[in-house]
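Participant: Structure incoming, see below.
The values are calculated or read from the model by the stated rules, or taken from the named source; none is laboratory data. Everything quoted here is computed from the prediction, not taken from an experiment. Positions of Cβ are generated from backbone atoms using ideal geometry, with glycine treated the same way; all protein chains shown enter the neighbour counts.
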Amino acid sequence: MKFGVIIFPGSNCDHDSFYAVNHAAGQPATFLWHESSDLQGCDAIIVPGGFAYGDYLRTGAIAKFAPIMASVSKFAAGGGLVIGICNGFQILCESGLLPGALLRNSGLKYICKQVNLRVETTNTPFTHSLTKREVLEIPIGHMEGNYFCDPATHAELRKQNRIVFRYSTPEGEITPAANPNGSLDNIAGICNEGRNVLGMMPHPDRSSEAMLGSSDGLKIFQAMVGSLVGNLVQRQ
């Protein structure tokens, strides 16, 4: 199986994601150029963090027009695994692969620190090997990480159990103080209706080894690998 990591002008976490899957998770990986429409036979796609196109118009608003994103949309529609991290989450929302939008942090300042996430559902290819209500320690680094959606969409996300991660205390309590950016309902990550597309603001790619301060992010990539292996076995 092979992971594809997209490179946009301004991406600065593409190599972090590549390292996380290639070295920490031990899986083949390749870079995918934004101007190409070829996914090179990849089994999973990572839309990494950074500042695609400098965020000159609006975070993710220019990247959604890149040729590679049309291919990613088709890939996702066919059930392919796609994870968008930080700026990648913003791009997935702008591209219509996920609902809602990422707004300026409530404190109007860039935030870079370790946070705690509570796993809200294990019914995804990204969390099936985790435990519900398990708390992960994963860093954030963003200016526009304040997730927002309209009440109807929020109700749908809750009803369909599509809120995957929420900011919490180390003990797993969902509190206003644990919310670093003002995100609606402490939302840190959501998935699509098909559950094969995940967007999350925290960086699992920056927490793939203990030497980085936490290896909890590796669990997400390992879950993806397990899902891909399971799919291969089912097809045989």
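Participant: Considering each of Ser73, Ser95, Ser36, Ser106 in turn, give the residue that is surrounded by fewer than 20 Cβ atoms within 10 Å (Cβ to Cβ), among the small types (Gly, Ala, Ser), closer than 22 Å to Glu193 by Cβ and modelled with pLDDT of 95 or more.
Facilitator: Of Ser73, Ser95, Ser36, Ser106, the one residue that is surrounded by fewer than 20 Cβ atoms within 10 Å (Cβ to Cβ), among the small types (Gly, Ala, Ser), closer than 22 Å to Glu193 by Cβ and modelled with pLDDT of 95 or more is Ser73.
Participant: Something else: Out of the residues in region 8-33 that are polar (S, T, N, Q) and not in a loop (DSSP other than H, G, I, E, B), state the one that is surrounded by the most Cβ atoms within 10 Å (Cβ to Cβ).
Facilitator: Looking at the filtered set, the residue picked out is Ser17.
Participant: Any idea which of Val82, Val5 is among the hydrophobic types (A, V, I, L, M, F, W, C) and either in a loop (DSSP other than H, G, I, E, B) or free of Cβ contacts under 8 Å to residues at least 60 places away in the same chain (or both)?
Facilitator: Selected residue: Val5, the only one of Val82, Val5 that is among the hydrophobic types (A, V, I, L, M, F, W, C) and either in a loop (DSSP other than H, G, I, E, B) or free of Cβ contacts under 8 Å to residues at least 60 places away in the same chain (or both).
Participant: Looking at region 146-155, is at least one residue at pLDDT 95 or above and within 15 Å of the chain's Cα centre (by Cα)?
Facilitator: yes
Participant: Take the conditions at pLDDT 95 or above, surrounded by fewer than 24 Cβ atoms within 10 Å (Cβ to Cβ) and among the acidic types (Asp, Glu) and apply them to Asp205. Does it pass?
Facilitator: no
Participant: Another question about this same structure. Among the residues of region 86-99, is any in a strand (DSSP E or B) and farther than 20 Å from Gln160 by Cα?
Facilitator: For region 86-99, residues in a strand (DSSP E or B) and farther than 20 Å from Gln160 by Cα: absent.
Participant: Next question, about the same structure. Taking region 49-65, which residues are outside any helix (DSSP H, G or I) and at pLDDT below 90?
Facilitator: Tyr56, Leu57, Arg58, Thr59
Participant: Regarding Ala152, is this residue under 26 Å from Phe18 (Cβ atoms) and among the aliphatic types (A, V, I, L, M)?
Facilitator: Working: under 26 Å from Phe18 (Cβ atoms): no; among the aliphatic types (A, V, I, L, M): yes.
In short, no.
Participant: State yes or no: is Arg166 basic (Lys, Arg), in contact with a Lys or Arg (Cβ under 6 Å, 6 or more places away or on another chain) and either within 25 Å of Ile45 (Cα to Cα) or in contact (Cβ under 8 Å) with a residue 12 or more places away in the chain (or both)? Let's see the steps before the verdict.
Facilitator: Values: basic (Lys, Arg): yes; in contact with a Lys or Arg (Cβ under 6 Å, 6 or more places away or on another chain): yes; either within 25 Å of Ile45 (Cα to Cα) or in contact (Cβ under 8 Å) with a residue 12 or more places away in the chain (or both): yes.
Here the answer is yes, as Arg166 does meet what is asked.
Participant: What's the number of the only condition in (1) under 21 Å from His142 (Cβ atoms); (2) assigned to a loop (DSSP other than H, G, I, E, B); (3) touching a helix residue (DSSP H, G or I) at 6+ places or on another chain (Cβ under 9 Å); (4) not basic (Lys, Arg) that Gly194 fails to meet?
Facilitator: Of everything listed in (1) under 21 Å from His142 (Cβ atoms); (2) assigned to a loop (DSSP other than H, G, I, E, B); (3) touching a helix residue (DSSP H, G or I) at 6+ places or on another chain (Cβ under 9 Å); (4) not basic (Lys, Arg), Gly194 misses just condition (1).
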